[in-house]
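Enquirer: Sharing a structure here in structure tokens format.
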Amino acid sequence: KFMGELMGLNVLEEQLKGKLHVKKVLIIPGNSDENDWVKREMGKACVTFLQSIMKEKMIIAVTGGTTMAAVANAMTPLNKSKDYLFLPARGAIGEKAENQSNRIVTEMAERANGEYRLLYVPDPLSETAYQTLLTEPSIQDVLQQIKSADVVIHGIGDAITMANRRKTSEEIMTKLQSNSAVSEAFGYYFDEFGNIIHKVRTLGIQLEDLNSMDHVLAVAGGKSKAKAIVSYFKQGKSDLLITDEAAAKQILRG
Ligand code: BG6
């Protein structure tokens, strides 16, 4: 029976690759909306995949969120050289401290025996502060490294869930609702066609930077994220999706 289930997931992975036009899909059994262990298993799968692609001196940029926190939790040393650097992909975008990328890269680096650098950017960030920070040498230095990342690992969220979780103003909330925002990743909000509805102002990776990166890994599961995952992949250029069975089945039904 177990082998049968595994083969079933392989079939789902193939179908999902076709539907989302993504190079590689890994599906974990279960539904992470209902069971925390499913998210933990997605985290482990992500670490195992990282081990398979790791080379010396790699730079890994990571977003925030509970799924990325699960990846951090599963982190182990990635290769013998231990010579790699973890960085937040972007400045903080309204998350609780434990789900912020700065906190997550610190934990990843500690568990992997790697290095890390943080991005200290006020959250939320005004246009003037943004322009000023861009000229700060120490910030420019980290930004340079972020833009040269070899690997990016990120979550995908349901747009309204994410907007509620963040310090989102009523004005932006209205903008998201009236434009039917469906998904969110990297602080970008997308509609069902993948159009960008809104972008949280912060420093770090911009969507177009993903095109030049070798490995962009998305980790997102749970039946509730099915629409968000489809919407993100209309625009997002990630190479790998690690998801769960419930999200996969819901996506294929839709
Ligand atoms: C955020 C990422 O931190 O996590 C987003 O920047 C993503 O890209 C979100 O949408 C997902 O959060 P969670 O808790 O559902 O993993």
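The values are calculated or read from the model by the stated rules, or taken from the named source; none is laboratory data. All values reported here derive from a predicted model rather than from experimental measurement. Glycine also receives a Cβ, built like all others from the backbone with ideal geometry; neighbour counts cover every protein chain displayed.
Enquirer: Of the residues that sit in the stretch 56-77 and are surrounded by fewer than 24 Cβ atoms within 10 Å (Cβ to Cβ) and not in a helix (DSSP H, G or I), which one is modelled with the lowest pLDDT?
Expert: My answer is Glu56.
Enquirer: Looking only at residues in the stretch 145-169 that are within 14 Å of the ligand (Cβ to nearest atom), charged (D, E, K, R) and not in a strand (DSSP E or B), which one is farthest from Gln131 (Cα to Cα)?
Expert: Arg165
Enquirer: Also, quick follow-up: Inspect all residues belonging to the stretch 42-55 and state whether any of them is among the charged types (D, E, K, R), more than 16 Å from the ligand (Cβ to nearest atom) and either in contact with a strand residue (DSSP E or B) (Cβ under 8 Å, 6 or more places away or on another chain) or modelled with pLDDT of 95 or more (or both).
Expert: no
Enquirer: With the structure loaded, tell me whether Ser231 is surrounded by fewer than 20 Cβ atoms within 10 Å (Cβ to Cβ) and polar (S, T, N, Q) or whether it fails that test.
Expert: no
Enquirer: Another one. Right, Gln140: out of contact with any strand residue (DSSP E or B) (no Cβ under 9 Å at 6 or more places or on another chain) and within 23 Å of Ile53 (Cα to Cα) or not?
Expert: The answer is no for Gln140.
Enquirer: Filter the stretch 120-151 for residues that are closer than 11 Å to Pro88 by Cβ and under 17 Å from the mean Cα position of the chain (by Cα) and give the result.
Expert: Ile146, Ala149
Enquirer: Now for a different question. Looking at Phe86, Phe49, which is the one that is in contact (Cβ under 8 Å) with a residue 24 or more places away in the chain, crowded, with 20+ Cβ neighbours inside 10 Å and of a type in the set (Phe, Trp, Tyr)?
Expert: Of the residues listed, the single one that is in contact (Cβ under 8 Å) with a residue 24 or more places away in the chain, crowded, with 20+ Cβ neighbours inside 10 Å and of a type in the set (Phe, Trp, Tyr) is Phe86.
Enquirer: So, restricting to strands (runs of 3 or more DSSP E) that lie completely within the stretch 170-228, which ones have at least 2 residues that are without any contact (Cβ under 8 Å) to a residue 60 or more places away in the chain and surrounded by fewer than 23 Cβ atoms within 10 Å (Cβ to Cβ)?
Expert: Output list reads 188-191, 196-199.
Enquirer: Further, regarding this structure: Working only within the stretch 84-117, note down all residues that are assigned to a loop (DSSP other than H, G, I, E, B), out of contact with any Leu (no Cβ under 8 Å at 6 or more places or on another chain) and over 25 Å from His198 (Cα atoms).
Expert: If the condition is that a residue be assigned to a loop (DSSP other than H, G, I, E, B), out of contact with any Leu (no Cβ under 8 Å at 6 or more places or on another chain) and over 25 Å from His198 (Cα atoms), then Asn113 is the only one that fits.
Enquirer: Are any residues in the stretch 153-169 in contact (Cβ under 8 Å) with a residue 40 or more places away in the chain and over 23 Å from Leu20 (Cβ atoms), and if so, which ones? Outline the logic, then answer.
Expert: Restricting attention to the stretch 153-169, the residues satisfying the condition of being in contact (Cβ under 8 Å) with a residue 40 or more places away in the chain are 153-159, 161, 165-168.
Hits for the stretch 153-169 are Arg165, Arg166, Lys167, Thr168.
Enquirer: Considering the stretch 71-99 alone, what residues qualify as being near the ligand (Cβ under 8 Å from one of its atoms) and of a type outside the set (Asp, Glu)?
Expert: Matches in the stretch 71-99: Ala89, Arg90, Ile93, Asn99.
Enquirer: I'm checking my understanding of the structure. Among residues of the stretch 100-121 that are of a type in the set (Ser, Thr, Tyr) and either in contact (Cβ under 8 Å) with a residue 60 or more places away in the chain or more than 16 Å from the ligand (Cβ to nearest atom) (or both), which one is farthest from Ser148 (Cα to Cα)? Break it down into steps so the answer makes sense when it comes.
Expert: Here is the first cut: in the stretch 100-121, the residues of a type in the set (Ser, Thr, Tyr) are 101, 106, 116, 120.
Going one step further and asking which of them are either in contact (Cβ under 8 Å) with a residue 60 or more places away in the chain or more than 16 Å from the ligand (Cβ to nearest atom) (or both), we end up with 116, 120.
Details: Tyr116: 15, Tyr120: 19 Å.
The extreme case among them is Tyr120.
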